[in-house]
1. Using the Cα centre as the reference, give the magnitude of the dipole from point charges on the C-beta atoms of the chain (Lys, Arg: +1; Asp, Glu: -1; all else neutral), rounded to the nearest 20 debye.
2. Give me, ordered by chain and number, the residues 5 or more places off residue 94 or on other chains with an amide H under 5 Å from its own placed amide H.
3. Report the Cα centroid-to-centroid distance between segment 156-170 and segment 201-228 in angstrom, as an integer.
4. If you bin the C-alpha pair distances of the chain every 20 Å from 0, what whole percents do you get?
5. What does the charge count around residue 226 come to, taking other residues whose C-beta lies under 10 Å from its C-beta (Lys +1, Arg +1, Asp -1, Glu -1)?
6. Can you give the longest stretch of the chain with no exposed loop site, where a site means chymotrypsin sites (Phe, Trp or Tyr not before Pro) in a DSSP loop (not H, G, I, E or B) with at most 15 other C-beta atoms within 10 Å?
7. Mind listing the long-range amide H neighbours of residue 277? Cut-off is under 5 Å, sequence gap 5 or more, other chains count too, H placed in the peptide plane at 1.01 Å from N.
8. Can you tell me, using C-alpha contacts under 8 Å and at least 6 residues apart, the relative contact order of the chain as a whole percent?
Amino acid sequence: MKIDLGDLDAFVAVARAGGFREGARANGGSASFLSEAVRRLEAQLGVRLLNRTTRSVAPTEAGKGLLERLGPALTEVEQALDVVNGFRDRPAGALRLNVPVSAARLVLPSIVPRFLAAYPDIRLEVVTDESFVDVLAAGCDAGIRYDERLEQDMIAVPIGPRTQRFATAASPAYLDRSGRPQHPSELLDHACLRGRFASGAMTTPWEFERDGEVVRVDPTGPLIVRVGGAMDLAVDAAIAGTGVVSLFEDWLRPYFDSGVLEPILEPWWQRFSGPFLYYPGRRLVPAPLRAFIDFVKAEPNQA
């Protein structure tokens, strides 16, 4: 029996992702293509591999057995192709990164255009996600996160600025009306714009530090936004005079320079280490990812 390797790969993508649309996002294809490939595979094998409902897709017992054996085999095939790819003059293929919105906005813009110019045969896809994910299960080759969110079995490579700060700011009109706080504790008397993660958890209390004194405040305010994509709404609200925003200094810097936002409590802004590119240490590194790692390591701010 001759089975198309692409059909097997489609089945694995759908089974691991738990759905055709999710599988399509993971492997860069289309849901209709994956659906047709799985139907074709089931017809050839004469057995149903996936149970489909309107809400979910899950492997049958036969599907579970096939998935258990196929996963390692397909990984071996990918690694074999990566070895061959290593003999090319220029690495080629797909590279998929899972990163927070802050990295997509503040770290990658200075790296990605030059990397793609240096490696025109690599196709890069960037997926934004604020939660820590298993990069392989999410269909990604590597991710970017901060060190407190890295698992021990991951290899981490510094990427981007090695020191960053959280900044607090408000519009001059708001500060003229409500006063300019001189100590972080005074923020409890101000309208503050907060964030909430997709999990439903609020962001951690705002933390400040000066001369060894650490102050944590958990302010309230009229607006809560989803961490990541909705943070621009918080910035726009702060510019409009709604309240105080706390965000990466580099994110707010253009608004400081234009004067629409005014820094507050700057001597208290806390420094923290920059992000890391992380990837599993238990598998062969694909050639496109190896090229990206080497490119990042060569950046002057990685020293």
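The values are calculated or read from the model by the stated rules, or taken from the named source; none is laboratory data. These figures come from a predicted structure and were not determined experimentally. Heads up, the Cβs are rebuilt from the backbone with ideal geometry, glycines too, and the neighbour counts pull from every protein chain shown. The protein model used for the area step is the full one, side chains on, heavy atoms only, and it has no ligands, DNA or RNA in it. Shrake-Rupley method; radii C 1.70, N 1.55, O 1.52, S 1.80 Å.
1. Dipole about the Cα centre, nearest 20: 820 debye.
2. It is 123, by chain and number.
3. Cα centroid to Cα centroid, the span is 16 Å.
4. Calculated P(r), rounded to whole percents: 28, 47, 23, 2.
5. Cβ neighbours under 10 Å give a net charge of 0.
6. 88-196
7. Counting only residues 5 or more places away or on other chains, the set is 157, 159.
8. Normalised by residue count, the contact order of the chain is 21 percent.
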